[in-house]
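Visitor: Can you keep this structure in mind? I'll have questions shortly.
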Amino acid sequence: MGAIKRGMSKDFYTNKTAVVTGGGRGIGLCIAKAFVQAGAGVVLAEIDEELGLKAESFLASDRAVFIRTDAGDEPSVQAMVKQAKARFGRIDFLIHNAAISKNVPLTELTYEAWRRVLDTGLSGAFLCAKHCAEPLKETGGAIVHIASTRALMSEPNTEAYSAAKGGLVALTHALSVSLGPQVRVHCLSPGWIDTTGYLHGSPSPWTLRPEDHACHPAGRVGRPEDIAEMVLYLCGPKAGFITGQNFVIDGGMTKKMIYPE
Ligand SMILES: NC(=O)c1ccc[n+]([C@@H]2O[C@H](COP(=O)([O-])OP(=O)(O)OC[C@H]3O[C@@H](n4cnc5c(N)ncnc54)[C@H](O)[C@@H]3O)[C@@H](O)[C@H]2O)c1
């Protein structure tokens, strides 16, 4: 697990507050860790109580607080924002990272399952932005959506997840126009990110082979730190002229043509 390097942005983040949806494990937990290391307070807005409590222990900081939240449920998001403001007094950064997928053939994808994937991944971003908008305007903050390269390209049977991620890219530019100039809004589209090290000891879903690394133009599969570093850059003072954009972080995979030999 690579260390997150901060350097001169340390003072910028001190006493600021980040809300990270789905911060209980994986990329969200790594983003939360990066904010804590930078001196910020963090709300782990996580649906799974066990993961949320484990994440709190992992971060081992009295400025990292788990608030049980279903990002796809408006009363739950409203209650989280209220508690976050009560605890920290301000919200500077909103990272909508929570997502689920349901990869089944189209004819087997129920409308209920479709809606749940869209509720969590896309409507969750809308609800969090809606209820964090005023606090973020007050602090001149930033939003970062975690989408996916699947917003741009697909495997079969990924309609709901791809639609949620594609929607996030569009929601990003819509919000950047509506909330600017006080709030900048960004989107990151990760490729393959191996979240080992942020799974509380659960086995990694992948056993990485040399060819998994080698097929990437950058020579390796991604790490959660690759995403967390970019989140902090985009939230930081050096990114003041950037808003509304989607940044692909995939080791070059979406730039690689693949045709049969
Ligand atoms: N890991 C990858 O290779 C990869 C690639 C591209 C994009 N992404 C995106 O990055 C983000 C994080 O991925 P990950 O691999 O760490 O995922 P993960 O499944 O390991 O973690 C997601 C977290 O979100 C939580 N969550 C689920 N539904 C929620 C809800 N309604 N409200 C609040 N929390 C909820 C889960 O409990 C979990 O802790 C996701 O948006 C995912 O789509 C991941």
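We did not get these values from a lab; they are worked out from the coordinates using the rules stated. All values reported here derive from a predicted model rather than from experimental measurement. All Cβ positions, even for glycine, are placed from backbone atoms using ideal geometry, and neighbour counts span all protein chains on display.
Visitor: Below 16 Å, Cα to Cα, which lysines can LYS85 reach? Residues fewer than 8 away in the same chain don't count.
Guide: Once the sequence-local lysines are set aside, what remains near LYS85 is LYS16, LYS130, LYS137.
Visitor: Output the relative contact order of the range 11-253, whole-number percent, from Cα pairs under 8 angstrom with separation of 6+ residues.
Guide: 20 percent
Visitor: Mind checking the angle between helix 124-139 and the chain's longest principal axis? C-alpha axes, 0 to 90 degrees, to the nearest 10.
Guide: 40 degrees
Visitor: What does the highest-first list of 22-30, 126-134 look like by mean Cβ count within 10 Å?
Guide: Highest-to-lowest ranking by the protection proxy: 22-30, 126-134.
Visitor: Please arrange ASP212, ASP92, ASP194 by how many other C-beta atoms lie within 10 Å of their C-beta, fewest to most.
Guide: Exposure proxy ranking, most exposed first: ASP212, ASP194, ASP92.
Visitor: What does the C-alpha gyration tensor say about the overall shape of the range 11-253? Classify as rounded when a/c is under 1.5, otherwise prolate if a/b is larger than b/c, or oblate.
Guide: It is rounded, given that a/c, with a ≥ b ≥ c, falls under 1.5.
Visitor: Each residue of the range 154-165 in order: what ³J(HN,Hα) in whole Hz does its phi give by Karplus 6.51 cos²θ - 1.76 cosθ + 1.60, θ = phi - 60°, with x for Gly and Pro?
Guide: Result, ordered by residue: 9, 9, x, 6, 10, 4, 5, 4, 4, 5, 4, 6 Hz.
Visitor: Can you list residues whose amide H is under 5 Å from ILE249's amide H, if they're 5+ apart or on another chain and H is modeled 1.01 Å from N?
Guide: Correct list: SER189, GLY191.
Visitor: Determine the calculated [θ] at 222 nm for the chain from helices alone, applying -39500 (n - 2.57) to every DSSP H run no shorter than 4 residues and normalising by the residue count; nearest 500 deg cm²/dmol.
Guide: Only helices count here, giving -12000 deg cm²/dmol.
Visitor: I've got another one for you. Explain nothing, just compute: Karplus ³J(HN,Hα) = 6.51 cos²θ - 1.76 cosθ + 1.60, θ = phi - 60°, for every residue of the range 220-233 in order, whole Hz, x for Gly and Pro.
Guide: 7, 6, x, 10, x, 4, 4, 7, 4, 4, 6, 4, 5, 4
Visitor: Expressed in nm to one decimal, what extension gain is obtained for the pair ASP11 and GLU155 from 0.36 nm per residue of sequence separation less their Cα-Cα distance?
Guide: Fully extending the segment from ASP11 to GLU155 adds 47.5 nm.
Visitor: With +1 on each Lys and Arg Cβ and -1 on each Asp and Glu Cβ, and nothing else charged, work out how big the dipole of the chain is about its Cα centre, in Debye to the nearest 20.
Guide: Rounded to the nearest 20 debye, it is 800 debye.
Visitor: HIS186's amide H: which non-local residues (gap 5+, or another chain) put their own amide H closer than 5 Å, with H modeled 1.01 Å from N in plane and none for Pro or chain starts?
Guide: ILE143, VAL144, HIS145, GLY244
Visitor: So how far, in whole Å, is the C-alpha centre of the range 131-148 from the one of the range 161-227?
Guide: First find each Cα centre; the distance between them is then 18 Å.
Visitor: How large is ³J(HN,Hα) for each residue in the range 19-34, as worked out from phi by the Karplus curve 6.51 cos²θ - 1.76 cosθ + 1.60 (θ = phi - 60°), to whole Hz, x for Gly and Pro?
Guide: In residue order, the calculated couplings are 9, 10, 6, x, x, x, 7, x, 4, x, 5, 5, 5, 4, 4, 4 Hz.
Visitor: Extending each Cα 7 Å along its Cβ direction at ARG115 and ARG90, get the distance between those two points in nm, one decimal.
Guide: So the two model labels end up 4.0 nm from each other.
Visitor: Could you list which residues have their amide H under 5 Å from that of VAL42, counting only those 5 or more apart in sequence or on another chain, with H placed in the peptide plane?
Guide: ALA18, ALA64, VAL65
Visitor: Given q = 0.11, 0.12, 0.17 Å⁻¹, what are the Debye log10 I(q)/I(0) values for the range 146-261, with equal point scatterers placed on the Cα positions and solvent ignored?
Guide: Values returned for q = 0.11, 0.12, 0.17 Å⁻¹ are -0.44, -0.52, -0.97.
Visitor: Starting from the Cα of LYS54, draw a straight line to each of the lysines and keep only those under 22 Å, dropping any in the same chain fewer than 8 residues away.
Guide: LYS33
Visitor: What are the radius of gyration and Dmax of the range 78-124, computed over its Cα atoms and given in Å?
Guide: Looking at the range 78-124, its Cα Rg and Dmax stand at 15.4, 48 Å.
Visitor: If you line up the long axis of helix 49-59 against the longest principal axis of the chain, both from Cα atoms, how many degrees apart are they, to the nearest 10?
Guide: That helix lies at roughly 70 degrees to the long axis.
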